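Written out below as structure tokens is the structure these notes cover.
Coordinate-derived values only; no laboratory data. Small disclaimer: the values here were computed from a predicted structure and weren't measured. Glycine also receives a Cβ, built like all others from the backbone with ideal geometry; neighbour counts cover every protein chain displayed.
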């Protein structure tokens, strides 16, 4: 059921540009993430158990963006949603919405050039047939989603389904997700329990 809902979300928001606030630089993304008022996070993640921090050079500039997220355990077994931050003078700027998180599956995600749109960013495939971690076993990819930054905001662009039985579409899949793909960076992922964060002085909501 969740996978079907995911497909609907991806199809409906073919291009999602998420407006962000323009405040002073954020000194500590973890503190900012924990202070956010995100209704979906409360209802779908419940009481926070674990936070993951992902560091990845999304734009290919040599400076890494930071993504912080948690498991939306009421929405599916491998459902992680994130808040993103890009470095600016004096700290970070949030590039995702103030009141909602963004679905990204960093497991096996592609980071590099996106020739279809002439940008540098990330690409991920989502499958209705199988759990996303087993998507490479499916001959039908429900959606390939691009993630990139435009005008200081994260853009999430669904590109539609791929039929891997079609040679041209299989070539596209291999470019982004095949064993010989060329990526410019690999996300660095760290995990923290809420107990660990509390011991560091963070206020846990």
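Just a few scattered comments:
- Modelled spin-label separation between residue 151 and residue 185, with each label point placed 7 Å from Cα along the Cα-to-Cβ direction: 2.3 nm.
- Sorting 42, 56 from the fewest to the most surrounding beta carbons within 10 angstrom yields 42, 56.
- Anisotropy class of segment 153-205 from Cα gyration tensor, a/c 1.5 cut: prolate
- Once the Cβ-Cβ distance of residue 49 and residue 168 is raised to the sixth power relative to R0 = 41 Å, the FRET efficiency obtained is 0.40.
- Between residue 27 and residue 200, the modelled labels are 1.5 nm apart [label points 7 Å from Cα along Cα→Cβ].
- Taking other C-beta atoms within 10 Å as the exposure proxy, 40, 113 rank 40, 113 from fewest upward.
- Neighbour-count ranking [beta-carbon atoms within 10 angstrom, fewest first] of 153, 190: 190, 153
- Packing, as the average of other Cβ atoms within 10 Å across residues, places the peptides 67-73, 102-108, 169-175 in the order 67-73, 102-108, 169-175, highest first.
- Extended-chain gain in nm, criterion 0.36 nm per residue less alpha-carbon gap, residue 88 and residue 61: 8.5 nm
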